1. Can you spot the aspartates and glutamates whose alpha carbon is less than 19 Å from Lys138's alpha carbon? Ignore those fewer than 8 places along the same chain.
2. Using a simple spin-label model with points 7 Å from Cα along the Cα→Cβ vector, what separation in nm is obtained for Phe119 and Glu237?
3. Treating cross-link reach as a plain straight distance, find the lysines whose alpha-carbon is under 16 Å from the alpha-carbon of Lys132, omitting any fewer than eight places away in the same chain.
4. Through the Karplus equation 6.51 cos²θ - 1.76 cosθ + 1.60, θ set to phi - 60°, convert the phi angles of segment 241-256 into ³J(HN,Hα) values in whole Hz; use x for Gly and Pro.
5. Between Leu8 and Ala136, what length in nm is gained on full extension when 0.36 nm per residue of separation is reduced by their alpha carbon distance?
6. Rounded to the nearest 5, what is the percent of antiparallel bridges among the DSSP beta bridges in the chain?
7. Give me the orientation-averaged projected area of the Cα convex hull of the chain, in nm², one decimal.
8. Taking the Cβ-Cβ separation of Thr72 and Asp128 as r and a Förster radius of 41 Å, what is the calculated FRET efficiency to the nearest 0.05?
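Nothing in this text is a laboratory measurement; each read-out follows from the coordinates by a stated rule. Everything numeric here is computed off the predicted structure, so don't read it as measured data. Because the Cβ atoms are built from the backbone with ideal geometry, glycine has one as well, and the counts that use them run over all protein chains shown.
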Amino acid sequence: MTPEKEVLYTQGLSDALAVGEDVLRLGGSALDAVEQSVISLENNSLFNAGRGAVFTHNGTHEMDASIMWGKTLDAGAVSGISNVKNPVSLCRSIMEKSGHVFLCGAQAEEYARLQNIPFETNEYFHDDFRHKQWLAVKDEDTYQLDHTIDKKFGTVGAVALDAQGNLAASTSTGGMTNKRWGRVGDSPLIGAGTYANNNTCAISCTGHGEFFIRAVVAYDISCLMEYKGMSLKEACEFVVNDKLVKFGGEGGLIAIDNQGNICLPFNSEGMYRASANQDFRKVEIYR
């Protein structure tokens with residue numbers, strides 16, 4: 001991490017936060033806020049989502065995303081798609097128009113075209129830094145995680161609480177560098193990588209997805225709050241720094257509850273994160 005790069009990443013986070021803040025300040029919904037913040041991150045090639053999605057084993061881009069509305073528990077998700085400019089917007093369309101929750105692959109792309117969701121060329125998604133990372137491991141039977149400081153600048157997400165008391169969450173990712181066999185992580189899985197419920201909280205996760213899936217991390221935090229009476233902080237700390245750690249899960253999450261409390265726990269070296277309410281505004285990378 002050079003000082004110059006740190007400035008760029010910090011600015012990218014700040015820009016995405018500002019987009020969401022503007023939506024909420026003007027009386028918009030938490031759903032609009034998380035979608036617009038994630039679009040900002042998907043359009044920024046510094047982050048592993050949308051334009052900055054990492055390369056698969058075959059040298060392509062396969063993107064996953066999800067969105068959830070805490071007021072109704074409606075959700076939309078997509079996996080294994082290519083060339084869709086903003087997967088988060090496709091997820092919202094799936095949630096609101098398809099009658100389904102989860103679409104995948106070529107047929108999800110077909111649906112996107114029917115809904116006039118914008119597509120981009122392969123060149124749009126080509127980033128020299130990402131390409132060099134893929135070249136370094138493409139001939140090996142390995143992959144690179146997307147969330148540690150020295151490897152990748154991972155999955156993006158947003159959570160929000162609006163003036164009407166509604167919660168929303170969204171997550172978007174290009175997954176792991178050199179991933180193969182149609183691998184899907186936790187990001188598009190409702191309850192694992194993304195969850196929102198007005199009774200409790202909104203969660204978006206980043207990390208080693210296989211562990212987050214097995215631990216059903218996002219829903220687990222909500223359940224600990226709803227059924228065990230834990231606070232957001234207590235539930236997040238237990239799941240991220242106890243439960244996950246015990247069986248080797250690395251990563252973190254962003255969370256907000258229905259009272260506006262914010263929690264940003266992680267057990268990795270760092271986590272790119274930004275948060276704000278009426279009293280503070282923070283953009284952070286390291287612990």
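1. Output for Lys138: Glu62, Asp127, Asp128, Asp146, Asp150.
2. The two pseudo-label positions are separated by 5.0 nm.
3. Lys151, Lys152, Lys179
4. 9, 10, 4, 5, 4, 4, 10, x, x, 10, x, x, 7, 10, 8, 9
5. Working: separation 128, 0.36 × 128 = 46.08 nm, distance 2.42 nm.
Residue separation times 0.36 nm, minus the Cα-Cα distance, leaves 43.7 nm.
6. On the way: 38 of 42 bridges.
About 90 percent, rounded to the nearest 5.
7. Working: hull surface 55.8 nm².
The number I arrive at for the chain is 14.0 nm².
8. 0.45
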